[in-house]
Amino acid sequence: MINPRNIKYLILSTIILFISLYYFLFFEESIFKKDPVPLKKFSTFVNFLGFPTEVFVIDSLLIVIDKKPQVGYKFINMFSFDGQFKFSYTDKGTGPKEMINPKSIDFDPFDKEKFWIFDASLYRFIKLSLKTMMIENYISINSGLPYNAVKLSNGNISSLGYGLTTGRFALYDSTGQFIKEVGEIPPGIMNNIPIPVHLVAFQGKCRKSPDNSKIIISSRFTDMIEVYLVDGTLIKRFFGPLNKLPVYETVKVGDNPVMALDDKNSVLGYIDIFITAGKIYALYSGRIRPEYGQKAPYGNTIHVFDFEGNLKKIYKTDEDLFAISVTENDSLLFGVQHYDEVQIVAYKL
């Protein structure tokens, strides 16, 4: 005869097991389903913008990269927070005061009146002054194929890059000389997949924290975010609502293996990030190209994490955004809008 006490123990153990399985299988997904905070734009500004691609808050100014400036205007533009145009700099060209493909913006770790623009075609990291409104100097990256760079407080440069073989990103010294690759290769690589191909599937944005102590990397073709120390030590890797790796295959173009994304099964993840003190603002797409077409690499959901990967808040904007930036006190959010108008939109957080 079965002891009733054993039956009660068995039932209780079964209940605990099911609760544990539910927690591990569904809790991480459910926290992303809580009601987001709706954001309605309170201000927009267009001015002469042709095709803005980056926004970046420095002090009381908003810096905007415009890839297709209108006649008479330039690549890099300054606005006040209320949308008043201040000035612009850099013409198109290969000269010391020119750019071809400005890709990313970073604040200077030593001087609030300086900032850096990385040109992904000239492989040049360019220092500009808010005070003199001029290019001060530039650093030519001497090797590799960097595409998103930040300036470190030790004088070095950190950059994501194509063609890396042993690390997540590369370090260069203050003169642009390659030092080494650092960081951990993202998970999911198969034995027959070349590391450079695998890293292309994890291409994304690279930002540094306001205190210059951490590097945060997002992934465009998944919802993975990584937090590194500036020396390349991985301290946290976490996922958003997808919690899946990029879906891709390797194909040959000539003799070279390249990454071919599986558009039908690969969901776009975090298309932009911005970092404030203790917070990671991640612009989430969650879209696939067959359904959304050209609007796939846009999003209207912003996940706010701390550096440990804990989700703190979700925002839902009234426009699809391409890029975002947030003020130092976390009070205003700016976004780049391409559809149905080309403009910068502002939200109160």
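The values are calculated or read from the model by the stated rules, or taken from the named source; none is laboratory data. Just so it is clear, the model here is predicted, and its values are computed rather than measured. FYI the Cβ positions are ideal-geometry reconstructions off the backbone, even for glycines, and counts take in every protein chain you see.
Inspect all residues belonging to the stretch 270-282 and state whether any of them is closer than 20 Å to Asp35 by Cβ, basic (Lys, Arg) and under 15 Å from the mean Cα position of the chain (by Cα). Yes: one or more hits. With modelled with pLDDT of 95 or more, crowded, with 19+ Cβ neighbours inside 10 Å and hydrophobic (A, V, I, L, M, F, W, C) as the only criterion, which of Phe169, Phe178 stands out? Among Phe169, Phe178, only Phe169 is modelled with pLDDT of 95 or more, crowded, with 19+ Cβ neighbours inside 10 Å and hydrophobic (A, V, I, L, M, F, W, C). Restricting the stretch 153-166 to residues that are buried (at least 20 other Cβ atoms within 10 Å of the Cβ) and in contact (Cβ under 8 Å) with a residue 40 or more places away in the chain, the residue that is farthest from Thr53 (Cα to Cα) is Ser158. Examine the stretch 180-196 for a residue that is in the same structural domain as Val227 (by TED's automatic domain parsing) and in a helix (DSSP H, G or I), and state whether such a residue exists. Within the stretch 180-196, one or more residues are in the same structural domain as Val227 (by TED's automatic domain parsing) and in a helix (DSSP H, G or I). When residues in the stretch 220-240 are screened for being among the acidic types (Asp, Glu) and under 12 Å from Ile271 (Cβ atoms), 1 of them pass. For the stretch 36-64, a tally of residues being in a strand (DSSP E or B) and over 24 Å from Tyr315 (Cα atoms) returns 0. Remark: pairs (first residue in the stretch 49-67, basic (Lys, Arg); second residue not in a strand (DSSP E or B); Cβ separation under 6 Å; 6+ apart in sequence or on different chains) = Lys67/Phe51.
A quick yes/no check of all residues on (1) without any contact (Cβ under 8 Å) to a residue 60 or more places away in the chain; (2) in a strand (DSSP E or B); (3) more than 22 Å from Thr327 (Cα to Cα):
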residue	(1), (2), (3)
Lys74	yes, no, yes
Asn77	yes, yes, no
Gly83	no, no, no
Phe87	yes, yes, no
Thr94	yes, no, yes
Lys112	yes, no, no
Phe118	yes, yes, no
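Say whether the condition of being of a type in the set (A, V, I, L, M), exposed (fewer than 15 other Cβ atoms within 10 Å of the Cβ) and touching a Phe, Trp or Tyr at 6+ places or on another chain (Cβ under 9 Å) is met by at least one residue in the stretch 268-287. Within the stretch 268-287, not a single residue is of a type in the set (A, V, I, L, M), exposed (fewer than 15 other Cβ atoms within 10 Å of the Cβ) and touching a Phe, Trp or Tyr at 6+ places or on another chain (Cβ under 9 Å).
Only residues that are at pLDDT 95 or above and closer than 14 Å to Ser140 by Cβ were counted across the stretch 99-118, and they come to 3.
Taking every residue in the stretch 188-217 that is under 15 Å from Gly269 (Cβ atoms) and pairing it with any residue that is of a type in the set (Lys, Arg) and part of a loop (DSSP other than H, G, I, E, B), at least 6 positions away or on another chain, the pairs with Cβ-Cβ distances below 6 Å are Gln203/Arg220; Gly204/Arg220. Looking only at the stretch 100-152, how many residues end up being surrounded by 15 or more Cβ atoms within 10 Å (Cβ to Cβ) and among the polar types (S, T, N, Q)? Of the residues in that region, 4 qualify. Go over the candidates Gly183, Gly188 one by one and state the one that is at pLDDT below 95 and in contact with a Leu (Cβ under 9 Å, 6 or more places away or on another chain). Testing whether each residue is at pLDDT below 95 and in contact with a Leu (Cβ under 9 Å, 6 or more places away or on another chain) leaves just Gly188. For the stretch 246-276, a residue qualifies if it is part of a strand (DSSP E or B), of a type in the set (Val, Ile, Thr) and touching a residue at least 24 places away in the same chain (Cβ under 8 Å), and the qualifying residues are Thr250, Val258, Ile271, Ile273, Ile275, Thr276.
Among the candidates Thr44, Thr90, Thr53, single out the residue that is of a type in the set (Ser, Thr, Tyr) and touching a Gly at 6+ places or on another chain (Cβ under 8 Å). Let's see the steps before the verdict.
Numbers: Thr90 fails: touching a Gly at 6+ places or on another chain (Cβ under 8 Å); Thr53 fails: touching a Gly at 6+ places or on another chain (Cβ under 8 Å).
After ruling out the rest, the residue left standing is Thr44.
For Asn243, the conditions (1) in a loop (DSSP other than H, G, I, E, B); (2) touching an Asp or Glu at 6+ places or on another chain (Cβ under 9 Å); (3) on the phi < 0 side of the Ramachandran plot are fulfilled apart from (3). Whether any residue in the stretch 224-232 is surrounded by fewer than 22 Cβ atoms within 10 Å (Cβ to Cβ) and charged (D, E, K, R) is what I want to check. Checked the stretch 224-232: at least one residue is surrounded by fewer than 22 Cβ atoms within 10 Å (Cβ to Cβ) and charged (D, E, K, R).
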